[in-house]
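Read the structure below first, then the notes.
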Amino acid sequence: MKRLSIGDKCITAIVYMFLMVIGIICLFPFVNVFSKSISLERFVASGQVFLLPKGFQLDAYNFILKNRFFFLSFRNSVIVVTLGVALNMSLTVLAGYPLSRKAFPGQKVIMYLFIFTMFFSGGMVPLYLLLFNLKLLDTLASLILPSFLSVYNLILMKNFFLSIPDELEESARMEGCSNFGILLKIFVPLSMPAIMTLTLFYAVNHWNAFFNAMMYITNEEKQPLQIFLRNIVLDLVPGATNEEKIFLQFDMQSVKSATIILSTIPIMVIYPFISKHFTKGVIVGAVKG
């Protein structure tokens with residue numbers, strides 16, 4: 001094993017220190033918000049909470065978890081993410097495979113048409129009118145269908161498919177495998193890094209989206225979690241009783257922080273299972289063309 005020189009060791013140490021500083025900077029906002037969510041409100045309101053909590057209380061979490069609109073909005077977000085990601089990935093894989101095959105007729109023309117939509121679109125008003133005419137307003141479908149495919153993610157998926165050797169496809173065809181069989185038995189298993197990465201992209205996009213919901217959903221029971229979070233931040237708490245409104249007069253900052261923490265937990269739980277595929281999926285999909 002080759003021994004590192006003193007210069008290499010110094011450079012490695014500097015790189016690790018730099019990455020550690022970046023990691024701390026990225027982690028700081030989350031730690032700060034979490035500390036505020038469990039600190040006593042008088043310390044939070046006076047700006048005394050920095051990294052470590054002052055005092056201890058879980059009243060803010062109890063308040064949020066007792067609000068039925070929190071669970072309704074959480075359920076709606078889970079439905080949108082689950083159905084949305086399933087639709088997104090199905091279309092991305094099914095479109096990326098033929099567009100990565102040079103023998104596919106009109107492959108370049110179709111790809112240019114997809115890319116065209118990245119820069120030009122109908123706009124907000126035509127989309128709203130389209131959903132209105134299709135009677136999709138105030139439904140969860142209005143949060144899924146308008147974003148059924150990301151062209152950027154399609155390009156990443158197509159480029160990852162291009163990195164798979166053609167010999168594997170030729171061997172499968174000699175064995176009598178169909179196009180659909182080649183896709184499911186060869187391309188999909190070998191493309192799991194890209195698939196998991198794009199799944200994370202789509203899931204985060206659906207989970208954090210609130211503008212479409214603000215435009216298309218008026219029924220509070222059908223609003224996603226991000227709208228509930230927005231209402232909390234704006235001091236608008238759906239379904240709050242008189243006693244809860246009194247509580248909010250004194251503990252609103254803690255409630256806001258607790259809501260933010262609860263809304264980020266699902267993505268934090270999912271990310272560790274996908275992170276090992278993340279780097280490979282992005283790099284190969286981005287540079288292969």
Query - Hits in the range 41-62 - residues which are open to solvent by 50 Å² or more (accessible area, probe 1.4 Å) and in a loop (DSSP other than H, G, I, E, B) - result: SER46, GLY47, GLN48, PHE50, LEU51, LEU52, PRO53, LYS54, PHE56, LEU58
Query - Pick from the range 68-104, criterion touching a residue at least 40 places away in the same chain (Cβ under 8 Å), within 21 Å of ALA194 (Cβ to Cβ) and of a type in the set (Gly, Ala, Ser), ranking: surrounded by the most Cβ atoms within 10 Å (Cβ to Cβ) - result: GLY96
Query raised in the report: Do we find a residue being of a type in the set (Ser, Thr, Tyr), more than 16 Å from MET252 (Cα to Cα) and either touching a Cys at 6+ places or on another chain (Cβ under 8 Å) or surrounded by 10 or more Cβ atoms within 10 Å (Cβ to Cβ) (or both) anywhere in the range 13-28?
Result: yes
Requested in this report: Under 8 Å between Cβ atoms, at least 6 apart or on separate chains: pull out the pairs that start in the range 137-149 with a residue that is among the acidic types (Asp, Glu) and end on any residue that is part of a helix (DSSP H, G or I).
Outcome: ASP138/TYR216; ASP138/LYS222
**Report entry** Some residue of the range 210-219 being open to solvent by less than 70 Å² (accessible area, probe 1.4 Å), more than 21 Å from the chain's Cα centre (by Cα) and of a type outside the set (Val, Ile, Thr)
**Finding:** yes
Query raised in the report: Has the range 100-111 got any residue that is modelled with pLDDT under 90 and in contact with a Lys or Arg (Cβ under 6 Å, 6 or more places away or on another chain)?
Result: yes
Requested in this report: Scan ASN242, ASN205 and give me the residue that is at pLDDT 85 or above and either within 20 Å of ASN88 (Cα to Cα) or loosely packed, with under 14 Cβ neighbours inside 10 Å (or both).
Outcome: ASN205
Query raised in the report: On the given criteria, is SER178 over 23 Å from PHE132 (Cβ atoms), surrounded by fewer than 20 Cβ atoms within 10 Å (Cβ to Cβ) and of a type outside the set (Phe, Trp, Tyr)?
Result: yes
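The values are calculated or read from the model by the stated rules, or taken from the named source; none is laboratory data. Not measured: the values here are computed from a predicted model. Cβ sites come from the backbone with ideal geometry, for glycine too, and all protein chains shown count toward neighbours. The protein model used for the area step is the full one, side chains on, heavy atoms only, and it has no ligands, DNA or RNA in it. Shrake-Rupley method; radii C 1.70, N 1.55, O 1.52, S 1.80 Å.
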